[in-house]
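Asker: One structure follows; several queries about it will come next.
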Amino acid sequence: MMAEFCGNPAVEAGEVLMPRKRKFDRSRICVKCKINPGNLVIRHSVYCKGCFTPLIFTKFHQALEPYINHVSVGPRRGALKPSGALLIGFSGGLGSSVLLDLVYQRYCANVGSDNLKGGREHPRKNKVWQKIYVCYVEVSDIFPETSDRTAQIREAIARYDGFELIPVRIQDAFDRTWWERVSGGAAPDLAGLPFDLGGGDSEPVAALQTHIRALPTPTAILSTLSTLTRLLLLYTAYSVSASHIVLGTSLTSLSISLISSISQGGGFVVPQAIQEEWFPQFVQRTIGDTSWNGEVRLVRPLRDVGMKECTAWVWWHQLLVVGKQRIPVPKQTIGDLTKNFIIGLERDYPSTVSTIAKTVGKLAPRGDSRVRCVLCELPTQQFVQRWKSRTSIRSFTDDASSMDTATSSLPHYLCYSCHTTLTSKSARSTATLNLHSSNSAPALNLPMWAATRLALELGSEQSVGPGAPANEIWETKKLDDGGMKSLVGEFLLENE
Amino acid sequence: MAPKSCALCQNSKAILRRPKTGQHICKHCFFTVFETEVHNTIIQAHLFKPGDRVAIGASGGKDSTVLAYVMKTLNDRYQYGLNLFLLSVDEGITGYRDDSLETVKRNQEQYDMPLKIVSYEELYGWTMDRVVSAIGKKNNCTFCGVFRRQALDRGASGLGVDQIVTGHNADDIAETVLMNIMRGDIGRLGRCTAICTQGEDMIRRSKPFKYAYEKEIVMYAYFKKLDYFSTECIYSPDAYRGHARAFLKDLEAARPSAIIDIIHSGEAFELKEEVRATQKSQQTCKRCGYMSSNDLCKACSLLESLERGMSTAITDKGRRKLEAQGLTPDNMRTIPYFHPSSSVDAEAES
């Protein structure tokens, strides 16, 4: 028998459902100018069209300009003097279209005019960025179902003066010629490595396709494409002497990517998901050296601007959005699920995305973060393999204590997320990767930066590298054998 | 199709797909990996030392039933040298606890472990049935959760144990990580993946099933033929935890490692130092001696609100409102003062 208060909530919905809040707090008048009727509600606050534009501009430059000078001194004081050029990562999507427009309006339009408001050091008085590049990564060669959109992207960028497009193709990550161009050095010889990295594909498209085919889940495919895109942008930025990359990640997209990253084991690098300081593996850095040596700072200036505000910007400024390329993957991915979940949640709890970003902004990696993963080039922890083998036993023969010091196996050089991407299977996965030895197929093709780093690490000396809550009521029932079986039935192989 | 052989021992026929890894394995290997992983968790975190008196928080549900069995098994197999006890809380919910407490009593006989049952009525003078009749169905679980936590500690203190182990599993922890991020609870986020928690002067609590998937716990109970009572939350489709739980199940379906990956994430970050410095420090409740962030602990605030016929002392705002009503009446029922006792004292008493 159930307790008196364990009734069906649907019957007494009036009492148990959370009351729906009003869309805005006080009145329909703009909270900023307090004169005009509001046109847009942003998290319970009403703004008119006239006040909306400066609001977004303020959010944009407050998220970017404190980080433009190489040595940051907090809130901007004095002139903006970036060390190198600016590279805008452009996908054609909503956020990057807004970003492109904001960068143009702030740093390119009317530069040098004396009739504008603002102090002597205002970005419009002097040109901040000597050169602005826009980099677009095309993926259509890998997915025949998709069409090449480079021409549309070129057209969208051509509307703005002063931007130079650098088209990159996703398979460039496996292209020796591209690597030699961006790194300024020869591509590595992979012949003598203790495990197979080549996979036998010399053509970049074939090499990437082999890599993707070997991935165990749709989640892994999207995660890999995202990693490749990020590294292609970073190395391209380095090759054109850009000191900064800006991405059009909105507050909504940032929250989605943070939860998605945490769900894929990326907790150690959540600070980098907000802002990242990267330098290529071949740049020697000295501790305490504050001069610029080609490092690239990746900033997300729309991190305080929600998707709804981006949409309003596009609408009111009549921008053309090419649209983001949809990657044809067969099943739902962790990224998709997170997106649906967060957007659904935001509808009922409008502060959710902001809370997620703020909360994660208060986190730091636990422990030492000097070593970087060969694949994603983000900081990695030590002893991740040991942790994995201890918490999820996959073999009775693995010696957990030796796993993190076995320098001849690829996992030794991977972060938790990348290793999970390459190995974690779903119930229907068929792909199996062998990351430990060269004698069993299929081999894994690796992008050029990873192959180069491994060749360096293993080619020289065998270095020792990284190693009860509210609002619940309960129904109770005894579980018989059949009941228990129904709970685990999907995992039983036969009539057990 | 020929039957697959076990991916672990290669000898026996695989009869199940392991929820955590997706491997096809035999029953014997499933028991081995499940128990070994719990043992690894215990050893790695140095949870116990020989001679420790350990209370197993037993509700009669799947997690605690399997936990009692596994703790007994590992204690015998690896000679931990632990004195194990069963500790149950009777919330006073008609028809709910009666059956599951029977399971706990049976476990007491099967495993030959002493059992102590602490009741809300005895400790607070209120059963949950009475609480609900006074405050209604809304928020009643706030009272129940706060009362249960303190009841466990007081029961454990009465048993003179060094530690309480609870059946919190990997799904619970992953869900809590997500929920704390989404609602911005940085205090809880900082400590929710810790295997061991201990307030000042309080009894250590730990979670040996921290890395054990809920599905594997059910599977273990099924194959070992352990009987338990399922306790399914059926309330609040609009509530935050319900959202987080459903989302986690979706993630698990897309990639089963998602649960352990979230826990790994939670272990890999910590609060920035400057944020930690702003966190409230723990103190002792002035009325009952239990750990508290404020002058009065949550249980005392809630009990006072019940005694004074108010049901608003759930939030900080509600607590302030309660304080504004004036002084606490002298004849009001309060929770007995908490004196955590050491195991030495308990042994002397017994």
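Asker: Answer yes if at least one residue in the stretch A:347-361 is at pLDDT below 90, at the interface with chain B (Cβ under 8 Å from one of its Cβ atoms) and part of a helix (DSSP H, G or I), and no otherwise.
Answerer: Within the stretch A:347-361, one or more residues are at pLDDT below 90, at the interface with chain B (Cβ under 8 Å from one of its Cβ atoms) and part of a helix (DSSP H, G or I).
Asker: Enumerate the strands (runs of 3 or more DSSP E) found wholly within the stretch B:43-147, keeping only those where 1 or more residues are within 19 Å of the chain's Cα centre (by Cα), more than 30 Å from B:L302 (Cα to Cα) and more than 14 Å from chain A (Cβ to nearest Cβ).
Answerer: Qualifying strands (runs of 3 or more DSSP E): B:53-57, B:83-90.
Asker: While we're looking at this one, here's another question. Somewhere in the stretch A:391-413, is a residue in a loop (DSSP other than H, G, I, E, B), within 24 Å of A:L222 (Cα to Cα) and at pLDDT 85 or above?
Answerer: No, the stretch A:391-413 contains no residue that is in a loop (DSSP other than H, G, I, E, B), within 24 Å of A:L222 (Cα to Cα) and at pLDDT 85 or above.
Asker: Still on this structure, please answer the following. Sort through A:V240, A:V270, A:V246 and tell me the only one that's touching a strand residue (DSSP E or B) at 6+ places or on another chain (Cβ under 7 Å) and open to solvent by 10 Å² or more (accessible area, probe 1.4 Å).
Answerer: A:V240
Asker: Any idea how many residues of the stretch A:165-188 are open to solvent by 50 Å² or more (accessible area, probe 1.4 Å) and either of a type in the set (A, V, I, L, M, F, W, C) or within 14 Å of A:N445 (Cα to Cα) (or both)?
Answerer: 2
Asker: Could you list all residues from the stretch A:234-291 that are of a type in the set (S, T, Y), more than 14 Å from chain B (Cβ to nearest Cβ) and farther than 18 Å from A:R372 by Cβ?
Answerer: Of everything in the stretch A:234-291, those that are of a type in the set (S, T, Y), more than 14 Å from chain B (Cβ to nearest Cβ) and farther than 18 Å from A:R372 by Cβ turn out to be A:T236, A:S239, A:S241, A:S243, A:T249, A:S250, A:S253, A:T290, A:S291.
Asker: Would you mind stating whether A:Q382 is under 30 Å from A:F282 (Cβ atoms) and more than 10 Å from chain B (Cβ to nearest Cβ)?
Answerer: yes
Asker: Right, here's the next one. Confirm whether B:R18 is open to solvent by 40 Å² or more (accessible area, probe 1.4 Å) and either within 25 Å of the chain's Cα centre (by Cα) or of a type in the set (A, V, I, L, M, F, W, C) (or both).
Answerer: No.
Asker: Sticking with this one: Would you call A:P301 within 16 Å of the chain's Cα centre (by Cα) and open to solvent by 10 Å² or more (accessible area, probe 1.4 Å)?
Answerer: It is false that A:P301 is within 16 Å of the chain's Cα centre (by Cα) and open to solvent by 10 Å² or more (accessible area, probe 1.4 Å).
Asker: A follow-up question, please. I'd like to know if the stretch B:203-213 contains one or more residues that are within 9 Å of chain A (Cβ to nearest Cβ), at pLDDT 85 or above and under 18 Å from the mean Cα position of the chain (by Cα).
Answerer: yes
Asker: With respect to B:T166, is the statement that it is within 27 Å of A:D481 (Cβ to Cβ), in the same structural domain as B:L67 (by TED's automatic domain parsing), modelled with pLDDT of 90 or more and not small (G, A, S) true?
Answerer: yes
Asker: Where residues in the stretch A:110-138 are modelled with pLDDT of 90 or more, over 15 Å from A:H61 (Cβ atoms) and assigned to a loop (DSSP other than H, G, I, E, B), which of them is least open to solvent (accessible area, probe 1.4 Å)?
Answerer: Here the answer is A:K131.
Asker: To continue, here is another question. Of the numbered conditions (1) more than 26 Å from B:A221 (Cβ to Cβ); (2) at pLDDT 85 or above; (3) surrounded by fewer than 21 Cβ atoms within 10 Å (Cβ to Cβ), B:K137 satisfies every one except a single condition; which is it?
Answerer: Of everything listed in (1) more than 26 Å from B:A221 (Cβ to Cβ); (2) at pLDDT 85 or above; (3) surrounded by fewer than 21 Cβ atoms within 10 Å (Cβ to Cβ), B:K137 misses just condition (2).
Asker: I'd like the residue in the stretch B:249-293 that is within 7 Å of chain A (Cβ to nearest Cβ) and in a strand (DSSP E or B) and, out of all such residues, is farthest from A:T423 (Cα to Cα).
Answerer: If we take residues in the stretch B:249-293 being within 7 Å of chain A (Cβ to nearest Cβ) and in a strand (DSSP E or B), then B:L271 is farthest from A:T423 (Cα to Cα).
The values are calculated or read from the model by the stated rules, or taken from the named source; none is laboratory data. What you see is a predicted model; the values in this text were computed from it and never measured. Cβ: placed from backbone, ideal geometry, glycine included. Neighbour counts: every protein chain shown. These accessible areas exclude ligands, DNA and RNA; they are computed on the full protein's heavy atoms, side chains included. Shrake-Rupley method; radii C 1.70, N 1.55, O 1.52, S 1.80 Å.
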